[in-house]
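A.B. asks: This is the structure I want to talk about, given as structure tokens.
Coordinate-derived values only; no laboratory data. What you see is a predicted model, and the numbers here were worked out from it, not measured in a lab. Positions of Cβ are backbone-derived with ideal geometry, glycine not excepted, and every protein chain shown enters the neighbour counts.
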Amino acid sequence: MEKEAKKEAFRKYLDSSGVLDALTKVLVALYEQSDKPSSAVEFVQQKLGGPSLSEYEKLQAEMSDLQIRYNELLALHQETCNQLEELKNTHTVVSSKEKVEGELPTDNL
């Protein structure tokens, strides 16, 4: 009896969330196609708003390329930050030396 209650609760959940309606519309659209698509799964995915398999593969490849580019740019950014830090340190050392040399007493003989 508990199993039937779970099934009914799940069916109500699917109905209230609009899943049953969306699936019914897609299946009716597939049924009404005079030229049946070669891939029914791809048809359903397209109608539900998901990318087709070829689009998905294309997006995966693009994401991989973008991840590589991101990693390259991140490494370049870190390198640039390190160079900037070195320049700041060099400038601080030079400024300190100039101040020390400027404070030394000079002989006016």
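A.B. asks: If SER54 satisfies every condition in (1) surrounded by 12 or more Cβ atoms within 10 Å (Cβ to Cβ); (2) in a helix (DSSP H, G or I); (3) among the small types (Gly, Ala, Ser) but one, which is the exception?
C.D. replies: (1)
A.B. asks: Separate question: Every residue in the stretch 42-51 that is surrounded by 10 or more Cβ atoms within 10 Å (Cβ to Cβ) and free of Cβ contacts under 8 Å to residues at least 12 places away in the same chain, please.
C.D. replies: Residues satisfying the conditions are GLU42, GLN45, GLN46, GLY50, PRO51.
A.B. asks: Does VAL93 fit the bill of being surrounded by 10 or more Cβ atoms within 10 Å (Cβ to Cβ), of a type in the set (Val, Ile, Thr) and in contact with a Gly (Cβ under 9 Å, 6 or more places away or on another chain)?
C.D. replies: no
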